[in-house]
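Student: Sharing a structure below in structure tokens format, with a few things to ask.
The values are calculated or read from the model by the stated rules, or taken from the named source; none is laboratory data. This one's a predicted model, so the numbers in the text were calculated from it and none came from an experiment. Using ideal geometry, Cβ is built from the backbone for each residue, glycine included, and neighbour counts are taken over all protein chains shown.
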């Protein structure tokens, strides 16, 4: 545990002093992430049209469960790669935007979560809540981060 | 905090993009520093000062409100 803390702490220190060693994926993984996310859409469609969830017999790794795993893994991995791929020039301003976007995404996510918890009292809804929380923080982060970068580029003054 | 980055750049006759490349940041960052919208870290300020071969205080100046 102590070693793990040390490792995290070291990562933190490196982040502050050297922008190159930030723990982010290479830039090209953004497109891979986008591809994975797009691939998951038809899989979801198959799930819905063939009523695969009706095959659920409560067993682990049955057809319904496998489809669930595939869709969730594709979607979350896709969003994760989009969210945490390095910008072409990842400098300290981008790092700052990244952090503040992450903060807003978490704020918004918990607001949505609390509202959802207040207005649900049905057991079945909790599964939807879990699903919502799988993608909501990442998607919110991506949208806010891209919006901030767009705003930054718009605000540039001519030389 | 204000800065004389634009003037120093004019003296040295380099563009924002060239300065950005010299210190390894994006042109956007140089642009926002020049228009006082972004305060660079100490490391970045020192790197900029090194490019212009001047002390940091000559390029970045504290204002009364700071």
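Student: Suppose we filter region B:2-22 for residues that are facing another protein chain (nearest Cβ under 10 Å) and within 10 Å of the chain's Cα centre (by Cα); how many remain?
Tutor: Residues in region B:2-22 being facing another protein chain (nearest Cβ under 10 Å) and within 10 Å of the chain's Cα centre (by Cα): 4 in total.
Student: Restricting the search to region A:141-159, which residues are within 11 Å of another protein chain (Cβ to nearest Cβ), in contact with a helix residue (DSSP H, G or I) (Cβ under 7 Å, 6 or more places away or on another chain) and either over 27 Å from residue B:5 (Cβ atoms) or modelled with pLDDT of 90 or more (or both)?
Tutor: Residues satisfying the conditions are A:149, A:152, A:153.
Student: With respect to the numbered conditions (1) part of a helix (DSSP H, G or I); (2) within 14 Å of chain B (Cβ to nearest Cβ); (3) under 18 Å from the mean Cα position of the chain (by Cα), which one is the sole condition not fulfilled by residue A:134?
Tutor: It is condition (2) that residue A:134 fails.
Table: residues versus (1) part of a helix (DSSP H, G or I); (2) under 11 Å from the mean Cα position of the chain (by Cα); (3) crowded, with 17+ Cβ neighbours inside 10 Å.
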site	(1), (2), (3)
A:88	no, no, no
A:100	yes, no, no
A:113	yes, no, no
A:129	yes, no, no
A:139	yes, yes, yes
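Student: With the checklist (1) closer than 20 Å to residue A:91 by Cα; (2) more than 10 Å from chain A (Cβ to nearest Cβ); (3) surrounded by fewer than 16 Cβ atoms within 10 Å (Cβ to Cβ) in hand, flag the one item residue B:66 doesn't pass.
Tutor: (1)
Student: What number of residues within region A:89-118 are in contact (Cβ under 8 Å) with a residue 24 or more places away in the chain and either assigned by TED's automatic domain parsing to the domain that holds residue A:30 or in contact with a helix residue (DSSP H, G or I) (Cβ under 7 Å, 6 or more places away or on another chain) (or both)?
Tutor: Result for region A:89-118: 15.
Student: Suppose we keep only residues that are touching a helix residue (DSSP H, G or I) at 6+ places or on another chain (Cβ under 9 Å) and assigned to a helix (DSSP H, G or I) within region A:42-60. Which one would you say is nearest to residue A:131 (Cα to Cα)?
Tutor: Out of the qualifying residues, it is A:44.
Student: Output the number of the condition that residue A:114 fails; it satisfies all remaining conditions of (1) modelled with pLDDT under 90; (2) over 25 Å from residue A:40 (Cβ atoms).
Tutor: (1)
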